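Engineer: My questions will all concern the structure given below.
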Amino acid sequence: MHSIRFFLIITLLGIIAPAYGQLSHSFASIASIYDGGRARDVAQAPDGTIFLANDFDGLRAYSYDGSTFTHIAHINDGDSALGVAIASDSLVFLADGGGGLRAYSYDGASFTNTAHIDNGGSAEAVAVADDGTIFLANDFDGLRAYTYDGTSFTNTAHVNDGGSAEELAIAPDGTIFLANLQDGVRAYQYTGTAFINITHIYQNENVVWEVALSSDGSVLVGDIETLRVFTSQDTVYTEVINMDLNDWPQDFAVTADNTIFVANRNSIFSNGSLQAYSYDGATLTQTAHLEDGVDGYGITLASDGTIFLANDADGLSAYAYTPVTGIEDESSSHPEYFTLEQNYPNPFNPLTNIGFRISDLGFVDLAIYDASGRMVKKLVSEHRVPGSYSVQWDATDNSGQLVGSGAYFYQLRYGKHQHTRKMILLR
């Protein structure tokens, strides 16, 4: 029966790889690490430590220096680590599948399990409110709220309106949005002792995996191969955007300027794990797409714009999002009339030299960008005669302030052509 359904889907829709036109940004791979298990969710603490929920493998902690991950700590208490949330640099909550909810203290070198509770269901996702309340999406058991006193959990509220609770998001006003699989998306208020169902935002008998909030309060919903956007008037939500992604969205991360990053599982139509869209409150515009054949499940953003992706059997990955049409490596072919050399030294602190050569008189633009795609420093912007040049960068921005450690990109524009390379600043 399943094979017949699959054949009908293929016949009706066709297996056609999506065509992605010229996009304004691209993703560049910076670092990756795999220590076993299946990476499901990722979160970064204020001190920069990265915590990975690693299905079948437990919880892991990593440091990241802008170019390399270093594994620091690991603990596995035995079920399926599916979701992770940070309360502080030293306190981590883990949605442990059939193992329930766990709390860990972290001292920079090791984990200690300080509390555990299992009310049935399968803990899929966890989030922490500003007041310290822990909310758990607990699969077929619904939504639960807990308090934590440093040694134990207390279950303070529970609601189950059907479906299978998969993911949740907390609005600034405390409203909790629940992605409830076959039930769609619901919004709840939490009184401290109970949940009040405000509205059923979106009803779907198929699959809803993800819910998140944009910076303007719009509700983002990850449906099968679809990104939906809802806006609200009081408690009435209206769907304003329905965009086909060609992949199965698993997690969203949203910047202050409403750039939406989507972690995707591969569908039968695509093998991409990461997409980016700009959202202006009325329209979505795709700005970047990465097809690497692995499943993206969890995503989080660093303050410098670095994207950390829980990449299933590929482990943990770091990417930069840059305003160029493509990041090319040293073996890429380029027109002979200009070259851009790899900076030297690399990594560097704080000085590095960038060499380039042009063979005709033309306008040269050389600029530095950070990992989020923001221009940091303009080094050259003028007409130059043919010849070889070397320009030094002192790790300052356009205002003369020193920039922080991490990955940066330098781009040479010459006529209608451009070339971009990556460099690493280590302080």
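Laboratory data are not the source of any read-out in this text; all were calculated from the coordinates shown. Nothing here was measured: the structure is a model prediction, and the numbers come from that model. In this analysis, Cβ positions are derived from the backbone assuming ideal geometry, glycine residues included, and neighbour counts consider all displayed protein chains.
Engineer: Working out 0.36 nm times the residue gap between residue 32 and residue 199, then minus their Cα-Cα distance, what length gain in nm do you get to one decimal? Could the numbers behind the result be given before it?
Structural biologist: Values: separation 167, 0.36 × 167 = 60.12 nm, distance 4.09 nm.
Stretched fully, the residue 32-residue 199 segment lengthens by 56.0 nm.
Engineer: So the label point goes 7 Å from the Cα of residue 65 along Cα→C-beta, right? Which residues of region 341-359 then have their backbone N under 17 Å from it?
Structural biologist: Those under the cut-off are 345-351.
Engineer: By how many nm would the segment from residue 382 to residue 107 grow when fully extended, if each residue of separation counts as 0.36 nm and the alpha-carbon distance is taken off? Provide the component values of the computation, followed by the final result.
Structural biologist: On the way: separation 275, 0.36 × 275 = 99.00 nm, distance 5.19 nm.
Length gained, residue 382 through residue 107: 93.8 nm.
Engineer: If you don't mind, another one. Cα axis of helix 2-13 to longest principal axis of the chain: angle in degrees, 0 to 90, nearest 10?
Structural biologist: Its long axis makes an angle of about 50 degrees.
Engineer: What's the longest uninterrupted piece of the chain once you rule out the GluC sites (Glu not before Pro) that are loop residues per DSSP with at most 11 other Cβ within 10 Å?
Structural biologist: Details: sites that count: 205, 330, 336.
The reported range is 1-204.
Engineer: A follow-up question, please. Quick one: 3J(HN,Hα) in Hz for region 386-400, Karplus 6.51/-1.76/1.60 with θ = phi - 60°, rounded, Gly and Pro as x.
Structural biologist: x, x, 9, 9, 9, 10, 9, 10, 9, 6, 10, 8, 5, 8, x
Engineer: Then there is this: What FRET efficiency, computed as 1/(1 + (r/R0)^6) with R0 = 60 Å and r the Cβ-Cβ distance, is obtained for residue 173 and residue 346, rounded to the nearest 0.05? Walk me through the intermediate numbers first.
Structural biologist: Details: r = 47 Å, r/R0 = 0.78.
Taking R0 as 60 Å, the efficiency between residue 173 and residue 346 is 0.80.
Engineer: Now, a different point. Determine, from the Cβ-Cβ distance of residue 427 and residue 257 and an R0 of 30 Å, the FRET efficiency 1/(1 + (r/R0)^6), rounded to the nearest 0.05.
Structural biologist: Numbers: r = 27 Å, r/R0 = 0.90.
Once rounded, the FRET efficiency stands at 0.65.
Engineer: Here is a further query. Suppose R0 equals 56 Å; then what is the FRET efficiency for residue 389 and residue 240 from their Cβ-Cβ distance, rounded to the nearest 0.05?
Structural biologist: Working: r = 50 Å, r/R0 = 0.89.
It comes out at approximately 0.65.
Engineer: Suppose a student asked you for the relative contact order of region 89-148, using Cα pairs under 8 Å spaced at least 6 residues apart; what percent would you report? Numbers along the way, then the final one.
Structural biologist: Numbers: 128 pairs, mean separation 15.0, N = 60.
Dividing the mean separation by the residue count of region 89-148 yields 25 percent.
Engineer: Applying a 10 Å radius around every beta-carbon, put 74-80, 151-157, 55-61 in order of their mean neighbour count, most first. Mind dumping the intermediate values first?
Structural biologist: Details: 74-80: 17.1, 151-157: 14.9, 55-61: 21.6.
Answer by packing, highest mean first, reads 55-61, 74-80, 151-157.
Engineer: Expressed in nm to one decimal, what extension gain is obtained for the pair residue 374 and residue 401 from 0.36 nm per residue of sequence separation less their Cα-Cα distance? It would help to have the intermediate numbers written out before the result.
Structural biologist: On the way: separation 27, 0.36 × 27 = 9.72 nm, distance 1.50 nm.
Extra length from residue 374 to residue 401 when fully extended: 8.2 nm.
Engineer: How large is ³J(HN,Hα) for each residue in region 300-314, as worked out from phi by the Karplus curve 6.51 cos²θ - 1.76 cosθ + 1.60 (θ = phi - 60°), to whole Hz, x for Gly and Pro?
Structural biologist: 8, 10, 7, 5, 8, x, 4, 9, 9, 10, 7, 10, 6, 6, 8
Engineer: Report relative contact order for the chain in percent, whole number only (criteria: Cα-Cα under 8 Å, sequence separation at least 6). Working shown, then result.
Structural biologist: Details: 1222 pairs, mean separation 51.3, N = 427.
With pairs under 8 Å counted, the relative contact order is 12 percent.
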